[in-house]
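The values are calculated or read from the model by the stated rules, or taken from the named source; none is laboratory data. This structure is a prediction, so every number in the text was calculated from the model and none was measured. Methodologically, a virtual Cβ is constructed for each residue, glycine included, from the backbone with ideal geometry; neighbour enumeration extends over all protein chains shown.
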Amino acid sequence: MDRKVVFKQRLLPYLLLAPQLLITIVFFFWPAGQAVWFAFLRQDAFGIRTTFVGFENFAELLADPLYLETIRNTAVFCIGVTAIALSVALLLAVLADRQIRGAGGYRILLIWPYAIAPAVAAVLWIFLFHPQIGLIGRALNGAGIAWDYKLNGDQAMLMVILASAWKQVSYNFIFFLAGLQSIPKSVLEAAAIDGARSVRRFWTITFPLLSPTTFFLLVVNLVYAFFDTFGVIDALTKGGPAKATETLIYRAYVDGRVNLDLGMSSAQSVVLMLVVILLTAIQFRFIERRVHY
Amino acid sequence: MATLELSAIRKSFGPVEVLHGVDLAVADGEMIVIVGASGCGKSTLLRIAAGLEIPSQGRVRIAGRDVTALEPADRDIAMVFQNYALYPHMSVAQNMGYGLKIRGLPRAEIDRRVREAAALLGIEALLDRRPRQLSGGQRQRVAMGRAIVREPKLFLFDEPLSNLDAKLRVQMRAEIRRLQRRLGVTSLFVTHDQVEAMTLGDRLVVMHQGHAAQVATPMEIWAKPADTYVAGFIGSPAMNFLKGRLTEGGRAVALEAGPTIRFADGPRPGPEGLPLTIGIRPEHVRAEAGGLALTLTLDLVEPLGSEAVLHGRLPNGEALVVKLAGPGPRDGTLPVALPAEALHVFVAEGGRRLDPAGG
Ligand SMILES: Nc1ncnc2c1ncn2[C@@H]1O[C@H](COP(=O)(O)OP(=O)(O)O)[C@@H](O)[C@H]1O
Ligand SMILES: [Mg+2]
């Protein structure tokens, strides 16, 4: 159902759009354009002379073994965060859907983590997992497991994955729950009568019918893990120990703001931009093609 | 094929009891129609038979086995839902074969049975389509097909025709009846439509506010309704009800509208002056002048071609509907007579049928 509004004056729609366009241009297209431009420049150590170097920054970037290591970290991190955030949220949504079809008050509780600032979330996780002062950290060490995410790279990665996933679970939960509740009850009942027990019903009916939601969340979570987890990583590990938790976005920040290598940082930003464009393209393509039951 | 037995079924949702002790025994191969107004508990009763709801009290037996505590999966039943409840992400063939696949039948056997059922229902051409590519009538057939491929002990239908247009509904009604006879599967069919009920059922259960008001064959229910609710629910236009009192030692009724009519089938038990409700179907009222005739003042005439339905008022203000063959008068007044043999006698309080003593 298309509902079209027809404006009498030609100018009005553009005037209405202008503020939004202006904000987008000033705060997005302009800096993005700058980043692309910087990616082809190189500054000397004192920031006095700037030369155009073509694709040299990119070539250097891709030849850097540390950058390839960062890509690997990012892949582990993104897959970890997305897998955990999606599966935990789905599990919770299924349990909630079963118990409280229709009721709504509990949702507030579950949406909380989403509303918490990354730094606050990180502090919370430090309180839990700090080897000396954290509840769980101390318990782990007490149980004979050498737990110190500030020394052990794998443990640090686990920790940032968990903390980042935790923040995203509530968002996913809301969507999964809405998706579950939009599946007609009678379809599940028909499956029950056809002889399917609950686990089978879930995998042959519920899960396939949920797939548009799952796919949407998959892309959203990947984007989140890629770009929105900077705060959590910065507050928890600062990319360490020994760059074990440095993701692409974190490294772009470190190179640009800490090492002041604007050219390299911009080249990395351009790579990231390409990733966003790719993810968005995939999403649009599939969402258009995808059947909505 | 099997019997179904519901005994003393009660069901509450929270503090509200919606079924107040329903008993029903369905014979092997029988088609029972549960009919009643919306909200009276028909679907709930059916869902209890299916195992989708658990009764608060009472037992469900299928083929003699107590299945009250069993999941739907363990009851070997099939159900057709009002909204069809097809699996939207599966093709028609997959929809029909789903239950068989779960039972672990070999692929070839599933295929054979699906094709057979599809042929029976005339939907072979649709097997590769998705439900959303089908019309209402086609979805209805697929839902039927999904039920019959399973060869279950019991068919349950919850208003499966109410989403179809009038013409298709009549057609599918006949088809369901033929199919059920042919397969001989014990069936429970829920509807709010009395015509559907009368034409489909071997026996009807007329439900009223969580009770089974009457369980009998369609003709019995039409000829001898157990109470004023059933009397008013079955038959179209609905039965007329007139106020009266028992008189002449139970042999006659003194109508408030005037005449005293002697019962044709014998005296009723009860004290002199007992308030009665007298029922008479519109098609049984005769338009004739004579000794016991009443004057009907018409206020609405509905010509239906071969017959006419006349709405009017008796001298004491009671409403009366008359159905006559032919076009009937336009307006004015009409002398009408109430034949004694067509009267239904109910006790005014509670509305129970009052039959002749010993009869
Ligand atoms: N799951 C439920 N929770 C609460 N009340 C229900 C539920 N299912 C049915 N009811 C109530 O039980 C009564 C009977 O419903 P139902 O059996 O669906 O009626 P029918 O099928 O005859 O229209 C209705 O008043 C309905 O509101
Ligand atoms: Mg119903």
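Being at pLDDT 85 or above, assigned to a loop (DSSP other than H, G, I, E, B) and farther than 27 Å from B:Asp227 by Cβ is the filter here; which residues of region B:305-331 pass it?
Within region B:305-331, B:Ser306, B:Pro315 meet the criteria.
Considering each residue of region B:188-200, count those that are more than 8 Å from the chain's Cα centre (by Cα) and either within 14 Å of chain A (Cβ to nearest Cβ) or more than 13 Å from ligand 2 (Cβ to nearest atom) (or both), and give that number.
Residues in region B:188-200 being more than 8 Å from the chain's Cα centre (by Cα) and either within 14 Å of chain A (Cβ to nearest Cβ) or more than 13 Å from ligand 2 (Cβ to nearest atom) (or both): 3 in total.
Select from region A:138-164 the residues that are assigned to a helix (DSSP H, G or I) and within 14 Å of A:Thr237 (Cβ to Cβ) and list them in ascending order.
A:Gly153, A:Asp154, A:Gln155, A:Ala156, A:Met157, A:Leu158, A:Met159, A:Val160, A:Ile161, A:Leu162, A:Ala163, A:Ser164
Could you list all residues from region A:58-87 that are surrounded by fewer than 18 Cβ atoms within 10 Å (Cβ to Cβ), among the hydrophobic types (A, V, I, L, M, F, W, C) and under 16 Å from the mean Cα position of the chain (by Cα)?
If the condition is that a residue be surrounded by fewer than 18 Cβ atoms within 10 Å (Cβ to Cβ), among the hydrophobic types (A, V, I, L, M, F, W, C) and under 16 Å from the mean Cα position of the chain (by Cα), then A:Ile71, A:Ala75, A:Val76, A:Ile79, A:Ala83 are the ones that fit.
Considering every residue within region B:38-47, establish whether at least one is under 18 Å from A:Ala196 (Cβ atoms), surrounded by fewer than 22 Cβ atoms within 10 Å (Cβ to Cβ) and in the same structural domain as B:Arg181 (by TED's automatic domain parsing).
The answer is yes; a qualifying residue exists.
Among the residues of region A:214-240, write down those that are more than 16 Å from the chain's Cα centre (by Cα) and among the polar types (S, T, N, Q).
A:Thr237 - this is the single residue of region A:214-240 that is more than 16 Å from the chain's Cα centre (by Cα) and among the polar types (S, T, N, Q).
State whether the residues of region B:111-120 include one that is within 25 Å of A:Pro184 (Cα to Cα), of a type in the set (A, V, I, L, M), surrounded by 21 or more Cβ atoms within 10 Å (Cβ to Cβ) and in contact with a Phe, Trp or Tyr (Cβ under 7 Å, 6 or more places away or on another chain).
The answer is no; no qualifying residue exists.
Output the residues belonging to region B:61-82 that are within 16 Å of ligand 1 (Cβ to nearest atom) and either more than 14 Å from chain A (Cβ to nearest Cβ) or over 25 Å from A:Val199 (Cβ atoms) (or both).
Matches in region B:61-82: B:Val80, B:Gln82.
Which ones in region B:299-339 are surrounded by 12 or more Cβ atoms within 10 Å (Cβ to Cβ) and of a type in the set (Lys, Arg)?
Selection gives B:Arg313, B:Lys323.
Just checking, does region B:83-93 include any residue being away from ligand 2 (no atom under 16 Å from the Cβ), at pLDDT below 95 and surrounded by fewer than 15 Cβ atoms within 10 Å (Cβ to Cβ)?
no
State whether one or more residues within region A:157-170 are more than 14 Å from every other protein chain (Cβ to nearest Cβ), modelled with pLDDT under 90 and more than 17 Å from the chain's Cα centre (by Cα).
No, the conditions are met nowhere in region A:157-170.
For residues in region B:57-72 being touching a residue at least 24 places away in the same chain (Cβ under 8 Å) and within 21 Å of B:Val185 (Cα to Cα), which is nearest to ligand 2 (Cβ to nearest atom)?
B:Val60
How do the strands (runs of 3 or more DSSP E) wholly within region B:129-210 filter down when requiring 3 or more residues that are buried (at least 22 other Cβ atoms within 10 Å of the Cβ), touching a residue at least 12 places away in the same chain (Cβ under 8 Å) and in contact with a Leu (Cβ under 7 Å, 6 or more places away or on another chain): which remain?
B:154-158, B:186-191
When the residues of region B:41-56 are filtered to those that are outside any loop (DSSP other than H, G, I, E, B) and within 10 Å of ligand 2 (Cβ to nearest atom), which remaining residue is nearest to B:Thr186 (Cα to Cα)?
My answer is B:Leu46.
For region B:114-137, check the following and say yes or no: at least one residue is hydrophobic (A, V, I, L, M, F, W, C), in the same structural domain as B:Val16 (by TED's automatic domain parsing) and within 16 Å of ligand 1 (Cβ to nearest atom).
no
Would you confirm whether any residue within region B:20-28 is surrounded by fewer than 22 Cβ atoms within 10 Å (Cβ to Cβ), more than 23 Å from the chain's Cα centre (by Cα) and more than 16 Å from ligand 2 (Cβ to nearest atom)?
No, that holds for no residue.
Which residues, taken from region B:211-243, are part of a loop (DSSP other than H, G, I, E, B) and within 26 Å of B:Val309 (Cα to Cα)?
The answer is B:Lys224, B:Pro225, B:Ala226, B:Ile234, B:Gly235, B:Ser236, B:Pro237, B:Ala238, B:Met239.
State yes or no: is A:Ile205 closer than 28 Å to B:Pro72 by Cβ, more than 15 Å from the chain's Cα centre (by Cα) and part of a helix (DSSP H, G or I)?
yes
Yes or no: region B:13-35 includes at least one residue that is within 16 Å of ligand 1 (Cβ to nearest atom), touching a residue at least 40 places away in the same chain (Cβ under 8 Å) and outside any strand (DSSP E or B).
no
Out of the residues in region B:37-55 that are away from ligand 1 (no atom under 11 Å from the Cβ) and in contact (Cβ under 8 Å) with a residue 60 or more places away in the chain, which is farthest from the other protein chains (Cβ to nearest Cβ)?
So, considering only residues that are away from ligand 1 (no atom under 11 Å from the Cβ) and in contact (Cβ under 8 Å) with a residue 60 or more places away in the chain, the one farthest from the other protein chains (Cβ to nearest Cβ) is B:Ala49.
With at pLDDT below 80, surrounded by 14 or more Cβ atoms within 10 Å (Cβ to Cβ) and either farther than 30 Å from B:Arg130 by Cα or of a type in the set (Phe, Trp, Tyr) (or both) as the only criterion, which of A:Leu262, A:Leu248, A:Leu272 stands out?
Result: A:Leu262 is the single residue among A:Leu262, A:Leu248, A:Leu272 that is at pLDDT below 80, surrounded by 14 or more Cβ atoms within 10 Å (Cβ to Cβ) and either farther than 30 Å from B:Arg130 by Cα or of a type in the set (Phe, Trp, Tyr) (or both).
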